[in-house]
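Accompanying notes for the structure given below.
Here, each number is a calculation from the coordinates, and none is a lab measurement. Just so we're clear, the structure is a prediction, and the values are computed from it rather than from any experiment. Every residue, glycine among them, receives a Cβ derived from its backbone with ideal geometry; neighbour counts consider all protein chains shown.
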Ligand code: PMP
C-alpha cells in the first residue's frame, strides 16, 4: 500500500452517516424520473430533481432519441473538432443560438465542461475573472484553471462587487461570471445592477443559465431574457440536463467569440462530442418547451403554490424566486437527519452542505417540476412540517 492510499484509510466521513442510517447519496431509481419514483422498492415523491419542465419521461423525446440512435449509432467516437460532428449537433447549435438570442453557440457534452473549458479559454494572465461566492462548482473550477487573476464578491452584494471592480485597471479585460439562478438558494443574480457596473467599469459578463432555461423568460429563454438583458450579457451558457431532459451544455455569444472558442476551448476540442440520442433528445425538448407554453405556466402555478405553503407553515426559505426552494436547517447533522426522515416518510429532497453552501447555511433543497400537482405539494409539506417541528427547526 503506497503513501497515497494510506491517506484514504482515514477518510471515513461517509461511513459515519451510513452507521447513523442517514446516508442520503447514490440512491438507485428503478424507472423514469417522474414526480413519483421507486427506490429500493420504496415509493417516494420526487422533489429533488432539476427536470423543471417535467419532460424526462416524455414519449416524444424518447422517440426522438431512439430514432437518432437508429440513424447515427450509439456514439460519435471523437471530438467535434475532428470526426465527431453530426448534422444533428449543428442543427441543435443553430436552434439554441436563435432561442437564446445570440449569433452563434457551441454545444458540449456536459454543462460542467462548458464552464470548465470556456472560462480558461477566454482569459489570459493579464485579465481578471470575478465571481459571486455562491457560483456553481463548474464556474469555480473554470476560474481556477484560468491563468487570469481571480476575485470574488459576497453573494449578490453589488456594493462588494463594486468594491472589487474599483481596484482593477480600467483598460484590463475583466469578466464577471455569475449564476442566473443560484442552484442551491433559488435566488436570482441582480443582473440589472451587474450590467450597470459592467458599463461603469468596462467589464464583460457571462451568465450561467443552467437553472434559468425552461423556467424564466419568454418560452423559457432564461434569466437574461427575463430581465431583457440578453444583448448586454456577453456570454450565456446553459445545460441540457435540467429543463431540456437530456445531457450536454452550450455557450452562446457573438460570432467572433464563438469562432475563437470553437478553435481554442479545450473541453470542446479534446473531448468526445455528445451522443446522437442525447443531442436529439435536447433538440426535441427545445421544440416542446417552445410549443407548449402551458408547461412553464404549470411550473409557475405549482411553484407559487409551494412557496405560499412553505411560508404559511413557517419554514425559513430565504430569498428564493424560483422553483428551487431552500428549506434552511442550519446544522449539518440535522440536515442529514431531516433528509433521511423525509425519505422514510416518502419525500425525496436533497441535503446541501459545505462546500455547496456555507456551514451555517445548510439546507435541504426542494425543487418543483411542471408535472407536480398541488396535492403532491400538500402531502410533502405536511410530512416535512412534522419532521421540522419534531427536530426543533421550526415551530
Ligand atoms: N452550472 C450550474 C449552475 C449547475 O447547477 C450545474 C449542474 N448542477 C452545472 C452548471 C453543470 O451542468 P451539468 O450537470 O449539465 O454538467
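Annotations
- Sorting 366-372, 240-246, 141-147 by average packing, meaning the other beta carbons within 10 Å per residue, from highest down gives 240-246, 366-372, 141-147.
- Taking every DSSP beta bridge that has both ends in region 59-291, the antiparallel portion is near 40%.
- Of the peptides 251-263, 201-213, 9-21, 60-72, the order by per-residue mean of other Cβ atoms within 10 Å, starting with the highest, comes out as 201-213, 251-263, 60-72, 9-21.
- Based on C-alpha pairs under 8 angstrom that are at least 6 apart in sequence, the chain has a relative contact order of 23 percent.
- Tensor-based shape of region 321-395 (alpha-carbon gyration tensor, a/c under 1.5 rounded, otherwise prolate or oblate): oblate
- DSSP beta bridges confined to the chain are antiparallel in about 55 percent of cases.
- Shape of the chain, Cα gyration tensor, a/c cut at 1.5: rounded
- Separation of the residue 345 and residue 321 label points, Cα + 7 Å toward Cβ, nm: 3.0
- Length added when fully stretched, residue 18-residue 254, from 0.36 nm per residue minus Cα-Cα: 80.0 nm
- When peptides 123-136, 278-291, 32-45 are sorted by average Cβ neighbour count within 10 Å, with the highest value leading, the order is 278-291, 123-136, 32-45.
- Residue-averaged 222 nm ellipticity for the chain, from DSSP H runs of 4+ at -39500 (n - 2.57), nearest 500: -12500 deg cm²/dmol
- Extension gain for residue 202 to residue 81 (0.36 nm times residue separation, less C-alpha to C-alpha distance): 40.3 nm.
- Between the C-alpha center of region 149-173 and that of region 304-383 there is a gap of 33 Å.
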